[in-house]
Amino acid sequence: MLVRIDLHTHSTVSDGTDAPGEVVARAAEAGLDVVALTDHDSTAGWTEASAAALERGIVLVPGMEISCRAGGVSVHLLSYLHDPTDAALLAELELTRDSRLHRARRMVELLARDLRITWADVEAQTEPGTTVGRPHVADALVALGHVPDRSAAFDSYLATGSRYYVPHHAPDAVAAVRLVRAAGGVPVMAHPAASVRGAVVGDETIRRMTDAGLAGLEVHHRDHTRSQTEHLLDLAHSLGLLVTGSSDYHGAGKPSLLGEHTTAPEVLERIADQGRWPVVGR
Ligand code: AMP
Ligand code: FE
Ligand code: FE
Ligand code: ZN
């Protein structure tokens, strides 16, 4: 039997455009057997996604994507099946989410010097409790007619090198791996070589993360070229890391389609065995 597994999606709890239950419903409609919900720095979608998974007869892997940094470079760390009430992890996420809010407000202040935009325009694009990110500022810029879509906003006003860009607090990637393991989670580095998004870390950082307990690399991802994928496969093999593949679905916020990259069933078994929190719906 063919089992289709997609381990990286976003909902309106962060910068996706579908509610958590809708992400799960669409995953079922797309013919997936297993989907993970991995919103940025938040597990607030787990309850709704779990209910939808049971209703739709699809398996849910509760997860999250933690915004981290290593030597000034942005690193995204997926965490699967951690205890969502772990105090140390929650404290770190709270710092990030709070800093993200201040940072987005600051970016809007800088933009407002040159463009017509207010914080209320950004708030209109977010659900209460959302992990606020540049995509919400992008949606406000689109709604105001300043740019045609999110990608155009990221290519101009919101680019990392733009004069409107402001960084936010993020834990060190090696420390985050330890925090995830301490919370019973399974840490997998998201899109490790996605240089289209900006600078990426070298293999040495991935080695240090592996020494700290990293479980796997998200090798199969739309932001990797064929040669990057081959290099990551070699690296995962030499470091004894699991290999995953995922869509990084963001609803209408990005072109990725559910199930465009998938993960092997035996890899999911290893993740489920290592996680403290149960997989939902099996
Ligand atoms: P932030 O975490 O607030 O710095 O914003 C980065 C997020 O924006 C990433 O997690 C992506 O989901 C999203 N993103 C980055 N580049 C693009 C793009 N070109 N189009 C749409 N979304 C993007
Ligand atoms: Fe995102
Ligand atoms: Fe990411
Ligand atoms: Zn993501």
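The values are calculated or read from the model by the stated rules, or taken from the named source; none is laboratory data. Here the structure is a predicted model, which means the values were calculated and not measured. Heads up, the Cβs are rebuilt from the backbone with ideal geometry, glycines too, and the neighbour counts pull from every protein chain shown. All accessible areas refer to the heavy atoms of the entire protein, side chains included, with ligands and DNA or RNA removed. Shrake-Rupley method; radii C 1.70, N 1.55, O 1.52, S 1.80 Å.
Taking a ≥ b ≥ c as the square roots of the Cα gyration tensor eigenvalues, the range 198-277 comes out oblate, since a/c reaches at least 1.5 and a/b does not exceed b/c. When both bridge partners sit in the chain, DSSP labels roughly 45% of those beta bridges antiparallel. Extension gain, residue 3-residue 116: 0.36 nm per intervening residue step, less the Cα-Cα distance, totals 35.8 nm. Remark on residue 242: its backbone amide H falls under 5 Å from those of 216, 217, a criterion applied only to residues 5 or more positions apart or on other chains, H modelled at 1.01 Å from N. Treating each Cα of the range 100-155 as an identical point scatterer and ignoring solvent, apply the Debye formula and state log10 I(q)/I(0) at q = 0.16, 0.19, 0.22 Å⁻¹. At q = 0.16, 0.19, 0.22 Å⁻¹ the computed log10 ratios are -0.40, -0.57, -0.78. Given q = 0.08, 0.09, 0.13 Å⁻¹, what are the Debye log10 I(q)/I(0) values for the chain, with equal point scatterers placed on the Cα positions and solvent ignored? Treating every Cα as an identical point scatterer, log10 I(q)/I(0) equals -0.30, -0.39, -0.84.
Inter-label distance, residue 106 to residue 160: 1.7 nm, where each label sits 7 Å from its Cα along the C-beta direction.
Between rounded, prolate and oblate, where does the range 147-198 land on the alpha carbon gyration tensor, with a ≥ b ≥ c its root eigenvalues, rounded for a/c under 1.5, else prolate if a/b exceeds b/c? In terms of gyration-tensor shape, prolate.
Within the full protein context, the accessible area of residue 4 is estimated at about 70 Å² for a probe radius of 1.4 Å.
With contacts taken as Cα pairs under 8 Å and at least 6 residues apart, the chain reaches a relative contact order of 25 percent. Helix-derived [θ] at 222 nm for the chain: sum -39500 (n - 2.57) over DSSP H runs of at least 4, divide by residue count, nearest 500? Mean residue ellipticity, 222 nm, calculated: -12000 deg cm²/dmol. The HN-Hα couplings worked out from phi for the range 115-128 by the Karplus form 6.51 cos²θ - 1.76 cosθ + 1.60 (θ = phi - 60°) are 10, 7, 7, 10, 4, 4, 5, 6, 4, 5, 9, 10, 7, x Hz, whole numbers, x standing for Gly and Pro. Computed across the range 38-128, the Kirkwood radius stands at 15.5 Å (inverse of mean 1/r, all Cα pairs). Relative protection proxy for 36-48, 231-243, 5-17, 164-176, from highest mean packing down: 5-17, 36-48, 164-176, 231-243 (other beta-carbon atoms within 10 angstrom). Residues in the chain average 42 Å² of solvent-accessible surface per residue, probe 1.4 Å, ligands and nucleic acids excluded. Nonpolar atom fraction for the chain, defined as the carbon and sulfur part of the 1.4 Å probe accessible area, stands at 52 percent.
Starting from the Cα gyration tensor of the range 115-263, take the square roots of the eigenvalues, sort them a ≥ b ≥ c, and report rounded, prolate or oblate (rounded when a/c is under 1.5, otherwise prolate if a/b is larger than b/c, else oblate). Cα axes put the range 115-263 in the prolate bin.
The angle between the Cα long axis of helix 46-56 and the longest principal axis of the Cα atoms of the chain comes to about 60 degrees, rounded to the nearest 10. Couplings for the range 263-274, taken from phi via the Karplus curve 6.51 cos²θ - 1.76 cosθ + 1.60 with θ = phi - 60°, read 10, 5, x, 5, 5, 4, 4, 5, 5, 4, 5, 8 Hz in order; Gly and Pro are left as x.
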